[in-house]
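Q: Below is a structure I'd like to ask you about.
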Amino acid sequence: MNIVFLVFTTVLFGGYIVMCYLATRNSLHYKHKNSFGDLSKVMASPLAPSITIIAPAYNEGLTIVDNIRSLMSLRYVDYEVMVVNDGSKDDTLQKMIDAYDLIKIEQEIDPEWKSKPIRGVYKSKHRSFSKLTVIDKENGGKSDALNTGMHLSTNRYVGCIDVDCLLLPDALLHVVKSFYQRSEKRVIAVGGVIRVANSCIIEGGQLEEIKLPNNWLAKFQLLEYTRSFLLGRMAWGRIDSLLIISGAFGFFDREIALAVGGYDTNTVGEDMEIIFKMRRYMHEQRLAYTIEYIPDPLCWTEVPEDLKILVNQRDRWTRGNLETLQKHKAMFFNPKYGRLGMMSYPYWFFYEWLAPLLEFTGLLCILLFWYLNILNWEFFFAITAAVWTCSIMVSFYAVLWEVYSYNQYNRKDVLTLLLFAIIEPLVYHPIVTWSAVRGNYKKLFKVKSGWGSQVRKGFAKAS
């Protein structure tokens, strides 16, 4: 057993070192490449491609008007905001109708399209809101709502976001540039960094002041997101092997997304599953393609501040990962899929799915060995110190790299994040591990569990 944990830990350490190196190279390459571009030319060009931003909304009455106002203020010449009201039980639809003077219009809908029935399509009577389209449909879940938006859109690219997310004004300019900066490969998707907006000051749909979250759980998630997005996903992007784009900020070539059937409505991990499908499709068609990743902080979202909601969220993520891995198991160590089959899929299998189970099993073994008085205390303390040190070093690197790259937090906030990095392995990581174990248990024993819910507090307003 000691050998298993030693080998697993050694490989993990080596992987973190390589990840930091690749992420750094990719970030520097991105900053150098984009220092020569002028985003205003994209904005002014009559040839700029059309984009539809699809935002599913379910019981978002508290923030829906401000959320739409933010989406309507993006700097881009040709885009549509399509809000899909997914059978909300609150006043979400009525608030949109009142705020934007919406009226129901006639819309031809393919009767063969598989989605929950559409109850109505709404447009505003005012030209200033001509970019806004609201779809009202029966509840079918986020995937069904996104598929409905993809089907009704006529634009070349679609952006699938969470309606409560805040996109910065230049977000679409960066996205379009990412789609068009490649000539030898077709860019089928573009993803980006997700930043934590809890406690930030938002006014009129605009980010006025960036602040560290007040809530302790949100602070840990900010640290986790910084590490995951600035290091992990940047590293996989460097070797063109990224297997997930966050559902909060993902843009797709609509033709390819529809060719693979859109989002899978039978999984709770739809954002990961659609990337697997699109990559497999392009590989099997032997088409040159790539997926771009943007490290700029363009998308800000509210993360859970309640422990129960956080556990349910991570439980769901685990079930979604496992469902996707099972569905695409043909990729596992399959050289037909290149780096995806030989590196990316095995990584997700061993270190995203299996690692929490191994950690939990290891803890049970430690308790059992201690009870039987056969625990090797010297080895236990040595490997614990090594894992803790490695975890802290990676988190420190992520925070300091964020300071070097974007420097969005003051010195006090940075020191706070570094402190949280030291205690994270003892306080926050066990919560995430337990959530993953619970998710696996539910999946294994077919415990009925869906998306769950997150109670939105809404962004803080400028006083």
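The values are calculated or read from the model by the stated rules, or taken from the named source; none is laboratory data. These numbers were taken from a predicted model, which means no experiment stands behind them. Cβ: placed from backbone, ideal geometry, glycine included. Neighbour counts: every protein chain shown. Only protein heavy atoms, including side chains, enter the accessible area calculation; ligands, DNA and RNA are left aside. Shrake-Rupley method; radii C 1.70, N 1.55, O 1.52, S 1.80 Å.
Q: Would you confirm whether any residue within region 208-220 is in a strand (DSSP E or B) and either touching a residue at least 12 places away in the same chain (Cβ under 8 Å) or over 30 Å from residue 287 (Cβ atoms) (or both)?
A: yes
Q: Could you grab me the full set of residues in region 63-96 that are basic (Lys, Arg), part of a helix (DSSP H, G or I) and without any contact (Cβ under 8 Å) to a residue 60 or more places away in the chain?
A: Across region 63-96, the qualifying residue is only 95.
Q: Now for a separate question. Answer yes or no as to whether residue 383 is over 19 Å from residue 221 (Cα atoms), open to solvent by 30 Å² or more (accessible area, probe 1.4 Å) and not in a helix (DSSP H, G or I).
A: no
Q: Next up: In region 9-45, how many residues are closer than 30 Å to residue 365 by Cβ and either polar (S, T, N, Q) or at pLDDT below 70 (or both)?
A: Final tally of qualifying residues: 2.
Q: Just one of the numbered conditions (1) within 24 Å of residue 23 (Cα to Cα); (2) touching a His at 6+ places or on another chain (Cβ under 8 Å) is not true of residue 232; which one?
A: Evaluating residue 232 over (1) within 24 Å of residue 23 (Cα to Cα); (2) touching a His at 6+ places or on another chain (Cβ under 8 Å) leaves (2) as the failure.
Q: List the helices (runs of 4 or more DSSP H) inside region 253-355, counting only whole elements, that have at least 2 residues being surrounded by 20 or more Cβ atoms within 10 Å (Cβ to Cβ), polar (S, T, N, Q) and in contact (Cβ under 8 Å) with a residue 24 or more places away in the chain.
A: Passing ranges, in order: 307-327.
Q: Within the group 199, 241, which residue is in contact with a helix residue (DSSP H, G or I) (Cβ under 9 Å, 6 or more places away or on another chain) and within 21 Å of residue 407 (Cβ to Cβ)?
A: Step by step, each of 199, 241 is checked, and only 199 is in contact with a helix residue (DSSP H, G or I) (Cβ under 9 Å, 6 or more places away or on another chain) and within 21 Å of residue 407 (Cβ to Cβ).
Q: What strands (runs of 3 or more DSSP E), lying completely within region 97-161, carry at least 3 residues that are without any contact (Cβ under 8 Å) to a residue 60 or more places away in the chain and either of a type outside the set (Asp, Glu) or farther than 24 Å from residue 255 by Cβ (or both)?
A: Output list reads 102-105, 118-124, 132-137.
Q: Only one of these conditions is not met by residue 219: (1) modelled with pLDDT of 95 or more; (2) surrounded by fewer than 21 Cβ atoms within 10 Å (Cβ to Cβ). Which number is it?
A: (2)
Q: Would you check which residues across region 125-165 are on the phi < 0 side of the Ramachandran plot, touching a strand residue (DSSP E or B) at 6+ places or on another chain (Cβ under 9 Å), open to solvent by 20 Å² or more (accessible area, probe 1.4 Å) and among the small types (Gly, Ala, Ser) and list them?
A: 130, 140
Q: Being at pLDDT 90 or above and of a type in the set (Asp, Glu): is that true of residue 90 here?
A: Considered against the rule, which asks whether it is at pLDDT 90 or above and of a type in the set (Asp, Glu), residue 90 comes out as yes.
Q: What are the residues in region 280-308 that are among the hydrophobic types (A, V, I, L, M, F, W, C) and over 17 Å from the mean Cα position of the chain (by Cα), if any?
A: 282, 287, 288, 307
Q: Within region 408-423, identify whether any single residue is modelled with pLDDT under 95, crowded, with 16+ Cβ neighbours inside 10 Å and not in a helix (DSSP H, G or I), and answer yes or no.
A: For region 408-423, residues modelled with pLDDT under 95, crowded, with 16+ Cβ neighbours inside 10 Å and not in a helix (DSSP H, G or I): present.
Q: Right, here's the next one. In region 175-203, what count of residues is obtained for those that are more than 15 Å from residue 408 (Cβ to Cβ) and in a loop (DSSP other than H, G, I, E, B)?
A: Number of matching residues: 5.
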